Each structure stands twice: as structure tokens, then as C-alpha cells.
Amino acid sequence: MEFPRVVAALARMTNDLDLAEELAQEALVDALLQWPRDGVPANPGAWLTTVGKRKAIDRFRRNHTLADKYAQLGRALELGGAHSAGPNLDDEVLDDDRLRLIFVACHPLLPLVSRVALTLRLVGGLTTAEIARAYVLPEPTIAQRIVRAKRSIAKAGVPFEVPEGEERAARLGSVLEVIYLIFNEGYSATTGEDWLRPELCAEALRLGRVLAAIIPDDAEVHGLVALMELNSSRLRARVGTGGAVVVLADQDRRRWDRLLIARGEAALRRAYEVSRTRGPYVLQAAIALCHARAFRPEETDWDEVVALYDALALAMPSPIVELNRAVAISMASGPAAALPLVEQLVGLGALEHYHLLHAVRGDLLDKLGRHSEAAAAFGRGAALVQNTPERELLRRRAAGSATRVSTGTDDYQSA
């Protein structure tokens, strides 16, 4: 949890991403050796950062280079020791190290996927495997892009700062994408035993709020913050006993966080005030608000949700948007209206390895009484999932569909 913060702080001081990551790793090794013996310090992040600074000083001294950096680090170190460093390591909102690090990693000299991958690795603390899954790319490809990205930034001498003017606007789109991908990894983890990683959601939301404070005149920034606020409001209701997945229709909406919903509504209002044009994040936030305003699933304005997805499909065409649009159509007009849209996506093959395509198809088939086909679809989805709670959910759905076939309730088969 502290690793991205430590990397960001050391990167600001050394202006070298590779060195910052290496120093942070060395500091973590020291912690593994010392903390079991001496106890965990009151402020682990400050301890790790200070140890990283000292290691940087030792390295610069040995190499007899970067004397100005050595002096700068020495003065910073004199301000406080590893255990005395204040708890508010990043209280200066507009001077946030991790936000600076995002803008550095999102420099236009890098390809878009490399910008996102590098930021997810250094700022979000995601593994290479998690990033690769998010982009449906081989893990070695992502690893190579991260290495090349750090080398490119070092070679170009990119300053460790939040850019201004046109340069900031040029990087903003990928910055928003990075923040949202970090949030999504927390909201629905790609791998592991836990479906949620709330610390990632909180970090992405914090960074989004900081970004909105720095760039108050961009509607999409406020739209992204609204979307994350509204989705965060459902976190407590998304897991049940033993960490089991609880889907939207089955969630206890009394557990939704009304404060976060109010914050999301306020952020969306600011987005509308800034611009009459609705971009992808603003549209997604408007969809989330439709759910947040419904105290019961049947009260959801599904026609409005479909209309918003229609607009989103024009603003940001993608197979995943079309899949979500099909789900909305099924709720508004019934599964028979949505299944042909999903079958069309299956035929295109773009989402063949996306487990939710098969999960949605299985759900629609189940509702239409085609239980044997539904069981196969759920099984296919379960085989693709690397997250344990989601896999178990799809296996239960597959077993339930198979049971209905064995008891003679498969309407499609009997017909």
C-alpha cells in the first residue's frame, strides 16, 4: 500500500523513475528485516521514504555524481528522521507527488498503452499481470512497454511536475483513463481471492478529487469524479458472506453510502455547469446516477439508461459499451430484445475472452428458458475468470441452469 507513495516521493527528489523504484524496493527489504525486530513505525510511509533518501545519498556519494541532488536530499533528510517524519506526508493537495508521477508517466512521447501501464505500475501498485489483463495483452508485452517507457522518460529528461496549458490538456485524456483503470481494478479485481480492493478505489477517487481541484474547468474530470463517487457508494453492498459477489439487482440498497451519492450528484452538476457537451465519463456518471436514485431495482428508469447508453455508444464506440447497452435493453424491453445484440457481439469475436460477455449471454438464455445453453455460457465465463468470487458466482449460475435442464424445465429443449 505504501509502495506507490514512496516511489512518487523518491521520483520527485531524484527525477529518475528507475532509480526511485529501485530505492523503494531496497527500503522495503530493509523494512522486512528491521520491523519484525524493532516494530512497525508509527508512519511506515515516512520511514520507507526516509530510508530511500538515505540510500539515494549513499549511491550519489559512491558515484561522485549528481552533487546538486545529493545536497537537496541531504537538506530534506535533515528535516526529520525515519520515525519522526510527520504523518501528513502528502497533505499538500496541489503538490501531490503521485499526481505529478501520473503526469510524468502520461507524457505524449510514450504510446498510450505504455503511459497507462507505467502509471498503473508505479502509482497504482498493480502487477504486470493485472495490467495485461486489463488491456487483454500478453504479460511480457506489458512488461517490455513499462521498461521502454521508463527509459524513454529518462532519456528525454521529462521534469517531475504537473504541466500547464496545452501540454497538460494533451496528457489529460490518458491521465483520466489511468485513474479510472486504477478505480476499476479496485471495484472488480482481475485476480485473487477478493473481488474488491477498496484501497485502490479510495486512491483513485482521491486522485480524481485532486485533479478536479487543479483543473476545475474540465467537464470530463468532474464526470470521472462523479462516476467514481457514485460507484464507490455501492462498495459495501457488493460483497456478501465470505466475500461472495452480490450483483446489482440483489444488493441491499440501504447499505449504499448516501454521502458518496450526494457527492457524486454534486460533481455531475459541476460537469453540466462547465460544459453542455456530455463526454464518456459524464455519460457513465449519469447512468450510475440512474441506479443511485432507485431505492428498488424495479424503480430504475431503464429507458433513460438505454438512452444514455445510446449516447455513450456514439461518444465512445466499443464492444463493451454495446454489451452494457444490451443489458440495459434487456431490462427495459426484455431478454428477447437483447439476445440478438449479444449474439452479434459473440459473432464479432472481439470479446471472446471477456468473461462478462458469456455471463450476460448466459443470463439472457436462462431468462428465455434455454437453460442448457445458459449453463454452457456460464461455464465458459467461469473458465475465463481469474478472480475467485466471480468464478464461484458463474459456477453457481452454471450449476443452477444445469439443474433446471435435468429437472425438465428447459423450455427451449422441450419445445
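Numbers below:
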quantity	calculated
Largest-first ellipsoid semi-axes for region 343-403, taking √(5λ) over the Cα gyration tensor eigenvalues, angstrom	17, 16, 7
Alpha carbon centroid spacing (whole Å) that separates region 180-218 from region 140-165	22
GNM result for the chain, Cα springs below 10 Å: residue of Asp38, Asp250, Asp303 fluctuating most strongly	Asp38
Cα shape, region 195-267, gyration tensor, a/c 1.5 rule	prolate
Distant-in-sequence amide H partners of Gly192 (H built 1.01 Å from N, under 5 Å)	Thr388
Mean separation of Cα contacts under 8 Å, 6 or more apart, over the residue count of the chain: relative contact order %	10
Acute angle (nearest 10 degrees) that the helix 280-292 long axis makes with the longest principal axis of the chain, alpha-carbon atoms	60
Separation in nanometres of the label points that stand 7 Å from Cα toward Cβ, at Arg269 and Ala336	4.4
Model label zone, Val40; criterion: amide N under 12 Å from point 7 Å along Cα-to-beta-carbon; scope region 1-16	1-2
Whole-angstrom gap from region 323-352 to region 287-316, using each part's C-alpha centre	16
Gain upon complete extension [Asp310, Leu32; 0.36 nm per residue less C-alpha separation]	94.9 nm
Inter-site label distance for Arg148 and Glu299 at 7 Å from Cα along Cβ, in nm	5.2
Acute angle (nearest 10 degrees) that the helix 302-315 long axis makes with the longest principal axis of the chain, alpha-carbon atoms	50
Histogram of C-alpha separations across the chain, 20 Å bin width, %	23, 53, 21, 3, 0
Spatially proximal aspartates and glutamates relative to Lys155 (Cα-Cα < 20 Å; intrachain offsets below 8 disregarded)	Asp16, Asp18, Glu21, Glu22, Asp68, Glu167
Tilt relative to the chain, helix 112-122 - C-alpha long axis, 0 to 90 degrees, to 10	70
Accessible-area value, Ile153, 1.4 Å probe, nucleic acids and ligands omitted, Å²	10
Calculated FRET efficiency for the pair Arg61/Arg236, C-beta based, R₀ 60 Å, to 0.05	0.75
Protection proxy ranking of 326-332, 29-35 - average other beta-carbon atoms within 10 Å, highest first	326-332, 29-35
Full-extension gain in nm, Glu166 to Arg258, via 0.36 nm per residue minus C-alpha separation	29.4 nm
Mean shadow area of region 95-214 over all directions, Cα convex hull, nm²	6.9
Extension gain, Ala383 back to Leu112 (0.36 nm per residue minus Cα-Cα distance, nm)	94.6 nm
Ranking by accessible area, most exposed first, for Val175, Val405 with a 1.4 Å probe	Val405, Val175
Protection proxy ranking of 372-385, 252-265 - average other beta-carbon atoms within 10 Å, highest first	372-385, 252-265
For q = 0.16 Å⁻¹, Debye-computed log10 I/I(0) when each Cα of region 222-261 counts as one equal scatterer	-0.40
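The values are calculated or read from the model by the stated rules, or taken from the named source; none is laboratory data. All values derive from a computational prediction rather than experimental measurement. Please note: Cβ atoms are built from the backbone with ideal geometry, for glycine as well, and neighbour counts cover all protein chains shown. All accessible areas refer to the heavy atoms of the entire protein, side chains included, with ligands and DNA or RNA removed. Shrake-Rupley method; radii C 1.70, N 1.55, O 1.52, S 1.80 Å.
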